[in-house]
Amino acid sequence: MVTITESAQGYLAELLTKQEDALGVRVFINQPGTPKAETCIAYCREGDIQEGDEKQTFGELDAWFDARSLPFLEDALVDYAKDRMGGQLTIKAPNAKLPRVDENSPLEDRINYILYNEVNPSLAAHGGEVSLVEITEDPFAILKFGGGCQGCGMVDQTLKGGVEKTLLEQLPELKGVRDSTDHTDRSQAYY
């Protein structure tokens, strides 16, 4: 799971003494499983704890880990190193952007894995990209195109013949894909 070094524990515990209502820290990842993933540590107050969060105690430090972020925090390391300017807290989460994905992973993680490893490298040749916005209950993947794909005259073929075909071949439980992109902006369009 996550390792918080003794120096990081001491540093975070000291910061918490200056906060009146903080219970500890909360560790989470914004946009987990995507190239835009960002690992975060924030003060955790009473209203911040969410159902499914996992609490761990590290010495004097209580930490809550966001349930959605847990698979992406595997092998993460939080460290603090003193230097001439005071010190620096670092977070290394090697699985934050692309976790270990298998057939038991949530559908969202498997879709993102395919998009970022198989689909986007092809679209990048035209300066384009596609990302998952949400999964509907029926389940359809709602996608958003960007870069050279936004406003491109070939986006329908790319969506149905490329992206949807790739996803449906590997994820039979998915019913299809839908495009949520505003294609009226053609300023970056490849075609």
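The values are calculated or read from the model by the stated rules, or taken from the named source; none is laboratory data. Computed from a predicted model, the values in this text were never measured in an experiment. When we count neighbours, we look across all protein chains shown, and the Cβ atoms used for this are built from the backbone with ideal geometry, even at glycine. Ligands, DNA and RNA are stripped out before the accessible areas are found, and what is left, the full protein with its side chains, is counted by its heavy atoms. Shrake-Rupley method; radii C 1.70, N 1.55, O 1.52, S 1.80 Å.
So, in nm, how far is label ASP79 from label ASN104 when the simple model puts each one 7 Å beyond its Cα toward the Cβ?
3.1
Let me have the relative contact order for the stretch 61-108, percent, based on Cα pairs under 8 Å that are six or more residues apart.
Once normalised by length, the contact order is 35 percent.
Let me know the Kirkwood hydrodynamic radius for the stretch 1-79, please, with Cα pairs as the basis and the value in Å to one decimal.
Here the Kirkwood hydrodynamic radius works out to 12.8 Å.
Given a 1.4 Å probe, how much area per residue of the chain is accessible, in Å²?
Averaged over the residues of the chain, the accessible area is 57 Å².
Gain in length, ASP21 to ILE49, computed as 0.36 nm per residue apart minus the alpha-carbon separation, to one decimal in nm?
Gain in length upon complete extension: 8.8 nm.
Placing +1 on the Cβ of each Lys and Arg and -1 on the Cβ of each Asp and Glu in the stretch 29-163, which of THR90, ILE49, HIS126 has its Cα farthest towards the positive end of the resulting dipole?
Going by the Cα projections, it comes out as HIS126.
Can you flag which of LYS92/LYS165; LYS18/LYS97; LYS144/LYS175; LYS97/LYS160; LYS18/LYS55 are past 24 Å Cα-Cα?
LYS92/LYS165; LYS18/LYS97; LYS97/LYS160
Report the relative contact order of the chain, percent, no decimals, based on alpha-carbon pairs under 8 angstrom and at least 6 residues apart.
Reported relative contact order: 17 percent.
Residue separation times 0.36 nm, minus the C-alpha to C-alpha distance between ALA13 and GLU173: what's the value?
53.0 nm
Take the stretch 21-62, drop everything but the C-alpha atoms, weight them equally and run the Debye formula without solvent; then report log10 I(q)/I(0) at 0.19, 0.33, 0.34 Å⁻¹ to two decimals.
With no solvent term, the Cα-only Debye profile gives -0.64, -1.18, -1.20.
As I understand it, the dipole of the stretch 1-145 uses +1 on the Cβ of Lys and Arg and -1 on the Cβ of Asp and Glu, about the Cα centre. Which of TYR113, ILE142, LEU70 lies farthest toward its positive end?
So the residue we want is TYR113.
Please compute the Kirkwood hydrodynamic radius of the chain from all pairs of different C-alpha atoms, in Å with one decimal.
18.8
Quote the relative contact order of the stretch 58-157 in percent (integer), defining contacts as alpha-carbon pairs under 8 Å separated by 6+ residues.
For the stretch 58-157, the relative contact order is 15 percent.
For TYR43, what is the net charge nearby, where nearby means another residue's Cβ is under 9 Å from its Cβ and Lys, Arg count +1, Asp, Glu -1?
Overall, the nearby charge balance is 0.
With r defined as the distance between the Cβ atoms of GLN56 and ASN30 and R0 fixed at 22 Å, what FRET efficiency is calculated, to the nearest 0.05?
Efficiency for this residue pair is about 0.60.
About the Cα centre of the chain, what is the dipole size in debye to 20, counting +1 per Lys and Arg Cβ and -1 per Asp and Glu Cβ, all else neutral?
680
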